[in-house]
Amino acid sequence: MSTHVVPDVTCLGCGLLCDDVALALEDGRIAGMAPHCDLGRAWFGDGQVPARILVRDVPASFDAALAAAATLLRPAEGRALVVLGPGLTTSAVRAGIAIADRLGATVDTATSPGAAEGILAGQRRGRASSTLGEVKNRADLVLFWGADPATTHPRFIERLVATKGTHVPGERTLLSVRIGEWGGPTAPVLTLDEAQEAGTLAVLRGMVLGRLASPPPEQAGLATLAAQLTAASYVAIVAPGEGRDARRAALRAEGLTALAQALNGPTRCTLITLRDGGNRNGVESALSWQAGYPFAVSFGGGAPTYDPGARGLHELWRADAALVLGDWRAIDDSALAALAEVPSVVVGPRASEAPFAPGAAIDTGVAGIHEGGVAYRMDDVPLPLTPVVDGARTAAMTITALAEALGPRGAGA
Amino acid sequence: MSHGTRLRIRGGAVHDPANGIDGAVQDVCIEDGRIVASLPEDAPVLDARGMVVMPGGVDIHSHIASSSCNHTRRLLPEERVPAPAPAGLAHGRSGTMASVPSTFTTGYRYAGLGYTTVFDAAVAPIMARHTHHELDDTPCIDAGFYALMGNDEYLLGLVDRGERARARDYMAWLLGSVGGYAVKIVNPGGVEAWKTPQRNLTGLDQALGSSRVTPRAILETLADGANAIGLPHPVHIHCNNLGVPGNAKTTLESMQALEGRRAHFTHLQFHCYGEGGGWRSAARELIAHVNAHPETSVDVGQVMFGPAVTITADGPVGQMLYGASGRKWVNVDVELETGCGIVPITYKDKAAVAALQWAIGLELFLLADDPWRTVLTTDHPNGASFLAYPQIIELLMSRARRDEALGKVNQKLLAGSALLDGLAREYTLNEIAIVTRAGPARLLGLAHKGHLGVGADADITLYDRHEHIAQMFSAPRYVFKRGELIVEEAQLRRAPAGRRLYLRPGFDEAVLPGVRRHFEQWGTMRFDHLGVRDLPGAPLGVG
């Protein structure tokens, strides 16, 4: 048995993108990771992925699959859907957007409804945020707002909170606000029903701004919290960044953004939203620089337009064909069912296992496991990826080859 | 036309001030992407009779490719306009126009303006990998960036301890690691203060916290460091107190602090407001210093009227503008290094301060003795889009046009303005060639750019003469990039990838263990993951 350890691997298991992971390999399989993390272990698995190429469920050559994919996609010019899923390097994402542009396609991403509402709140108000290192180095008060990173970002506390910072030599103040069933890592200083969340944030903001100098007795707890926040040197508010409840996420994102901005007067404040991994932020970044919008982009009119109220995967009846890039397993069940009704091509990890009978499926490796490149942390810091296990062909190369097979815009059917 | 081919551009009026050519009618010969002295008689010919021939434009200070630019794109979806792929381009990419266009569109529009070299002026080192990604998707232009160091915590520690040699080596290592071209200082010490209860540094000798770090010490250490490394472009300085009435005092003190040292002071207009309460121009005082000090150079940061967006690493400025305007505000603190503030803004000709800012920019141009050291920028998109360059050129070349515009703006703060004193100067075509290409290229130390001498990159722009100057400069008839014809009959025909302009300066590796310890202890990524490898092309030479 051959064993060795690969140090400093970047893990895309959550949005933290820990890049200090040591992977133990035995006979080419990932056998362990240190430090251990359940999400990380699930992300890496044993590093084995299929390497099949299928055309209408029959094994085919790479070139034949590309030709079949191009034949299937070209007639859908102007009415295609391109899905940019997780598990892609940023270079693969860039190549995927080029295909969407070429096809005049609508683009959908793995941006969850909750994450989308956070982006939209930012487009209404702006942001008060930072890279993660400012939490570590400056935040003497960390407020967990309905978020416990232990479950979603297991090493958040270890790496950023339970450690000294350049400006935090001693203990930090850790506060949690429980919202419904969602608590934080410490006993809650406030417990709210979900229906109370937005209103409470508004009152808290008013207190921070000094507009509610004499709160009623029933809000004494809030007044105490406001005083703690404004007395801190640098506040980090840690909040959920994903979720399927769009309405709740919208109200929360708006309220938290406004609160964080208000705190950047009496003190300093960063709002950290906990995003999922898989290079979701890389997809949104690349779409932003190439098209100008972070998600919900359509190239259908010959140039990008933005319709954040419409998500391509849930309006598949509009599409004559779909191209799924990246890990299809991030697609929800209803969209998977709808994909079965549309001619489709899948390029990405485990494409050959896609349950919706794609016309062509090309397995690729996974970003950061089999494929080198760059992925984005949840604070938009780009990190390098190093391949650690031999796997299928790279997604970046495959998507670029597919773009070449499609030919220039208007090449027709 | 591509590399390996030849072309004679025949009979144009050549403006090549770096080689002393001021409108002479002569041929320009291209071979293998470079300018050559001559070609065989049977070489292909482009008839340029009646046209003006200049080197490709060089933008010394713009914001086109950074995490801050991407924050801006996301912040303002309402201003974005679809920009289809250029009709004449075989594999063109669509995008969107806005204060910060999408990347492909940025490359196309710069090329369409006759600009072939552009530098992004503010990139946080840990975000450099992002900037390289964006530049990979910005065709037509050779491009690079300046790495932000004026609030780098490790460097501030060296400044505090007076370890100048180590500071020099750290600067060289950091710049080379991230693939940058020059060292940028933004609000020296003030961005670090923004992250603490101190909030800002407003005086050149104000200490950062309890340390011995002052803006003066930062300026001196980094300016000396950049010059000792032998960087082709000296330290690129955004002074303290940007946008604040009375800030010219700080600007002048900063210039005086660096007397005798090569230094570039950027978007001077935003640092040019006189003392005495309220808003007034200090253009005369500041440009007098620049005129008298050949080691000092500036770019103007001209304001033009219309919508814009302020993008800056100067966090306190972002907060100030948010407080004044109540508009959207992005603030992103960047660990160990810098900050980012973004606020949309609209410059209205009927607004007194905006009119003053517009006037100050023109004063700086018109009072400058040496156009080689006072070059054209809008600090895109802070003062205006780079697409406003033709209109600025017209204001500089035509007093009549300038006076007409002056008569329409709010006059409230213009008392004492040199513009009202009847500045009659009109820039010549050669002076325009200096402030838009020859001057910036020389200040950047780009020996192969900004001129049409033998061996220069064949980046060439040909304009049809036109009675409307802005129109002439808005739509060049031909643009060559490294000898390849990319704009033909004012239409973009080709969009090659540009060259990455970056340095890998040498340094004493003895600096690295300390840097590694600092980074591993206080950073959030592995030290070895900071460096950006596999950049396209080779680094340029240093020293």
So A:ALA337, is it hydrophobic (A, V, I, L, M, F, W, C) and without any contact (Cβ under 8 Å) to a residue 40 or more places away in the chain: yes
Index of the failed condition, B:HIS468 passing every other in (1) without any contact (Cβ under 8 Å) to a residue 12 or more places away in the chain; (2) on the phi < 0 side of the Ramachandran plot: (1)
Index of the failed condition, A:GLY302 passing every other in (1) in contact (Cβ under 8 Å) with a residue 60 or more places away in the chain; (2) touching a helix residue (DSSP H, G or I) at 6+ places or on another chain (Cβ under 8 Å); (3) at the interface with another protein chain (Cβ under 8 Å from one of its Cβ atoms): (2)
Members of region B:524-541 that are farther than 27 Å from B:GLY514 by Cβ and either at the interface with another protein chain (Cβ under 9 Å from one of its Cβ atoms) or of a type in the set (A, V, I, L, M) (or both): B:ALA538, B:LEU540
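Counting only residues that are more than 17 Å from the chain's Cα centre (by Cα), among the aliphatic types (A, V, I, L, M) and not in a strand (DSSP E or B), how many does region A:1-28 have? Break it down stepwise before answering.
Step one: filter region A:1-28 for residues more than 17 Å from the chain's Cα centre (by Cα), giving A:1-9, A:20-28.
From what's left, among the aliphatic types (A, V, I, L, M): A:1, A:5-6, A:9, A:21-25.
From what's left, not in a strand (DSSP E or B): A:1.
Count: 1.
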Residue among B:ARG494, B:ARG500 that alone is over 30 Å from B:PRO234 (Cβ atoms) and surrounded by 18 or more Cβ atoms within 10 Å (Cβ to Cβ): B:ARG494
Among residues of region A:192-208, those that are more than 12 Å from A:LEU222 (Cβ to Cβ) and without any contact (Cβ under 8 Å) to a residue 40 or more places away in the chain, counted: 2
Flag if A:LEU323 is part of a strand (DSSP E or B) and within 14 Å of chain B (Cβ to nearest Cβ): no
So A:GLU181, is it touching a residue at least 12 places away in the same chain (Cβ under 8 Å) and acidic (Asp, Glu): no
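Looking at this structure, is A:ARG409 within 26 Å of B:ARG93 (Cα to Cα), away from chain B (no Cβ under 14 Å) and basic (Lys, Arg)?
Numbers: within 26 Å of B:ARG93 (Cα to Cα): yes; away from chain B (no Cβ under 14 Å): no; basic (Lys, Arg): yes.
Taking the combined requirement at face value, the residue does not satisfy it.
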Extreme residue, modelled with the lowest pLDDT, among residues of region B:233-281 that are of a type in the set (Asp, Glu) and in a loop (DSSP other than H, G, I, E, B): B:GLU275
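State which residue is surrounded by the fewest Cβ atoms within 10 Å (Cβ to Cβ) when the search covers only region A:98-121 and only residues that are of a type outside the set (Gly, Ala, Ser) and touching a strand residue (DSSP E or B) at 6+ places or on another chain (Cβ under 7 Å).
Let us first name the residues in region A:98-121 that are of a type outside the set (Gly, Ala, Ser), namely A:99, A:101-103, A:106-109, A:111, A:113, A:117, A:119-120.
Then drop every residue that is not touching a strand residue (DSSP E or B) at 6+ places or on another chain (Cβ under 7 Å), which leaves A:99, A:103, A:106-109.
Details: A:ILE99: 22, A:LEU103: 25, A:THR106: 28, A:VAL107: 28, A:ASP108: 28, A:THR109: 26.
So the residue we want is A:ILE99.
Answer yes or no as to whether A:ARG211 is within 30 Å of B:GLY318 (Cβ to Cβ), surrounded by fewer than 20 Cβ atoms within 10 Å (Cβ to Cβ) and free of Cβ contacts under 8 Å to residues at least 60 places away in the same chain.
Working: within 30 Å of B:GLY318 (Cβ to Cβ): yes; surrounded by fewer than 20 Cβ atoms within 10 Å (Cβ to Cβ): yes; free of Cβ contacts under 8 Å to residues at least 60 places away in the same chain: yes.
In short, yes.
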Selection within region A:29-70 - without any contact (Cβ under 8 Å) to a residue 12 or more places away in the chain and in a strand (DSSP E or B): A:GLY32, A:VAL58, A:PRO59
Wholly within region B:10-100, strands (runs of 3 or more DSSP E) carrying at least 1 residues that are more than 9 Å from every other protein chain (Cβ to nearest Cβ): B:21-31, B:34-36, B:45-47, B:51-55, B:57-62
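Residue-wise test of (1) at pLDDT 95 or above; (2) surrounded by fewer than 20 Cβ atoms within 10 Å (Cβ to Cβ); (3) within 14 Å of another protein chain (Cβ to nearest Cβ); (4) in a helix (DSSP H, G or I).
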{"residue": "A:VAL135", "(1), (2), (3), (4)": "yes, no, yes, yes"}
{"residue": "A:PHE144", "(1), (2), (3), (4)": "yes, no, no, no"}
{"residue": "A:ALA147", "(1), (2), (3), (4)": "yes, no, no, no"}
{"residue": "A:THR151", "(1), (2), (3), (4)": "no, yes, no, yes"}
{"residue": "A:LEU160", "(1), (2), (3), (4)": "yes, no, yes, yes"}
{"residue": "A:THR163", "(1), (2), (3), (4)": "yes, yes, yes, no"}
{"residue": "A:GLU171", "(1), (2), (3), (4)": "no, yes, no, no"}
{"residue": "A:SER176", "(1), (2), (3), (4)": "yes, no, no, no"}
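Which residues, counting only those in region A:272-299, are facing chain B (nearest Cβ under 7 Å) and on the phi < 0 side of the Ramachandran plot?
A:SER285, A:SER288, A:TRP289, A:GLN290, A:ALA291, A:TYR293, A:PRO294, A:PHE299
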Conditions (1) in contact (Cβ under 8 Å) with a residue 12 or more places away in the chain; (2) within 14 Å of another protein chain (Cβ to nearest Cβ); (3) in a helix (DSSP H, G or I); (4) touching a Ser or Thr at 6+ places or on another chain (Cβ under 9 Å); number of the one not met by A:GLY255: (2)
Per-region count, region B:1-55, residues at pLDDT below 95 and among the hydroxyl-bearing types (Ser, Thr, Tyr): 2
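If the requirement is being more than 28 Å from B:ALA415 (Cα to Cα), within 14 Å of another protein chain (Cβ to nearest Cβ) and without any contact (Cβ under 8 Å) to a residue 60 or more places away in the chain, which of these qualifies: B:GLY323, B:GLY318?
After ruling out the rest, the residue left standing is B:GLY318.
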Residues within region A:243-271 that are under 23 Å from the mean Cα position of the chain (by Cα), buried (at least 20 other Cβ atoms within 10 Å of the Cβ) and small (Gly, Ala, Ser), tallied: 5
Close pairs (6 angstrom Cβ cut-off, 6 or more residues apart or separate chains): in a loop (DSSP other than H, G, I, E, B) in region B:332-349, β-branched (Val, Ile, Thr) anywhere: B:GLU335/A:THR131; B:GLY339/B:VAL191; B:CYS340/B:VAL332; B:ASP349/B:VAL409
Odd one out for A:VAL107 among (1) within 14 Å of chain B (Cβ to nearest Cβ); (2) in a helix (DSSP H, G or I); (3) closer than 11 Å to A:LEU323 by Cα: (2)
Boolean, A:ASP320 is assigned by TED's automatic domain parsing to the domain that holds A:VAL58, acidic (Asp, Glu), modelled with pLDDT of 95 or more and surrounded by fewer than 20 Cβ atoms within 10 Å (Cβ to Cβ): yes
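The values are calculated or read from the model by the stated rules, or taken from the named source; none is laboratory data. This is a predicted model, so every value here is computed, not measured. So basically every Cβ, Gly included, is an ideal-geometry build from the backbone, and we count neighbours across all protein chains shown.
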